[in-house]
1. Just one of the numbered conditions (1) more than 26 Å from Glu48 (Cα to Cα); (2) modelled with pLDDT of 95 or more is not true of Ser153; which one?
2. Yes or no: Ser168 surrounded by 18 or more Cβ atoms within 10 Å (Cβ to Cβ) and not aliphatic (A, V, I, L, M)?
3. Filter region 137-154 for residues that are away from the ligand (no atom under 13 Å from the Cβ) and farther than 16 Å from Gly262 by Cβ; which is most open to solvent (accessible area, probe 1.4 Å)?
4. Do the conditions hold for Arg208, that is, is it open to solvent by 20 Å² or more (accessible area, probe 1.4 Å) and without any contact (Cβ under 8 Å) to a residue 12 or more places away in the chain?
5. For region 152-240, list the helices (runs of 4 or more DSSP H) that sit wholly inside it and hold at least 2 residues that are among the basic types (Lys, Arg); which are they?
6. How many residues, within region 288-308, are within 16 Å of the ligand (Cβ to nearest atom) and in a loop (DSSP other than H, G, I, E, B)?
7. Could you check region 1-111 for helices (runs of 4 or more DSSP H) lying wholly inside it with 2 or more residues that are among the small types (Gly, Ala, Ser)?
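The values are calculated or read from the model by the stated rules, or taken from the named source; none is laboratory data. Keep in mind that this is a model prediction, so the values were computed, not measured. No Cβ is skipped: glycine too gets one built from the backbone with ideal geometry, and neighbour counts run over all protein chains shown. Note: areas computed on protein heavy atoms with side chains; ligands, DNA, RNA excluded. Shrake-Rupley method; radii C 1.70, N 1.55, O 1.52, S 1.80 Å.
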Amino acid sequence: MKTQIDYKFYPTKEVTIISAPFSAGQGKGGVEKGPGLLLKHGLREDLEALGWSVSIKEPLKGTGLDVPPSELEEEFDRSHGIAKRPTVVAQATERVYRAVKEVSHQKRLPLTIGGDHSIGVSTLAGFLDANPDACVLWIDAHADINTPETSPSGNIHGFPVALAMGLSREVWPKQFSWLDEAKNKLAADRIAYIGLRDLDPCEKKRVRELGIAAYSMYHVDKYGIAKVVEMALARINPTGKSPVHISYDVDALDPLFTPATGTPVRGGLTFREGMYIVEAVAETGNLGALDIVECNPDLASTDVHEIDTITAGCAIAKSAFGETLV
Ligand SMILES: [Mn+2]
């Protein structure tokens, strides 16, 4: 059934799905299969049924970057510090950035499907390029605000928020210089986290020092999800007039609901809490952009786990694009 919601920034309801089958922002193969499986499970048809006209962009097609990390060449140049595979990650994220930027300037809603969360830098920088006043809800168990000098693992999927904010620019691998051309950096008062429960010590310090609105699972328990979403939107979008970019890592949900993901952490959002967040943003009419990342079918121990995780990804999209329960 066609959605009844009035999308303020997309009155003609046009969306471009940007497929980003990329996995080298972390070490586990399989997450590059996420976009194909989301589409196979009917993502495109789901959005069409809600009244959206859908096109698809594949910025990594034919680049050889859409393979598991083990099939990409090891890099032995350590001048970039701890950051792993900076050359391929920089190449892939730049391509996805250009696609998101183009789609955003065309006034089509960018729905980017991963792939690991390193592509978050692409979607943040690309959407901000066309929408300087955009604000961000980062739905995740993790803060993804590490930099090469603070990261324990070196996996760049833990860096995208810091990259988009331009933090510690002097220690970035040189391969990321493409990011200097992005017009607008993400400001600390334009992003809120929901679902946090596994931050590195340096990330906790950074989130506090920058004064970022951070709603952990403690706050979800304390206030309930409806109040948390209300508080988060009041912080980042006080006028209610800015487009809201939701970057949704499926590990925000409890592993009971999305078991097939690279860095699961127990004590997460229930399925309904997770859907409520996107439903509530959709209801405001302010949805600007959406990312759905970190579905990794190769980490499913059963077929049911794989299907649960992929269909949760599709459900996030449907809720964001206007599906309601009644
Ligand atoms: Mn993440």
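1. Evaluating Ser153 over (1) more than 26 Å from Glu48 (Cα to Cα); (2) modelled with pLDDT of 95 or more leaves (2) as the failure.
2. no
3. Residue satisfying both the conditions and the ranking: Glu149.
4. Criteria met by Arg208.
5. Because the criterion is at least 2 residues that are among the basic types (Lys, Arg), the helices (runs of 4 or more DSSP H) in region 152-240 that meet it are 201-210, 225-236.
6. Final tally of qualifying residues: 3.
7. Those helices (runs of 4 or more DSSP H) span 34-40, 86-105.
Quick grid of which residues meet (1) closer than 25 Å to Pro21 by Cβ; (2) open to solvent by less than 10 Å² (accessible area, probe 1.4 Å); (3) within 16 Å of the ligand (Cβ to nearest atom); (4) within 13 Å of the chain's Cα centre (by Cα):
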residue: Val121; (1), (2), (3), (4): yes, yes, yes, yes
residue: Ile156; (1), (2), (3), (4): yes, yes, yes, no
residue: Pro160; (1), (2), (3), (4): yes, yes, yes, yes
residue: Trp172; (1), (2), (3), (4): yes, no, no, no
residue: Leu179; (1), (2), (3), (4): yes, no, no, no
residue: Leu186; (1), (2), (3), (4): yes, yes, yes, no
residue: Arg190; (1), (2), (3), (4): no, no, no, no
residue: Tyr193; (1), (2), (3), (4): no, yes, yes, yes
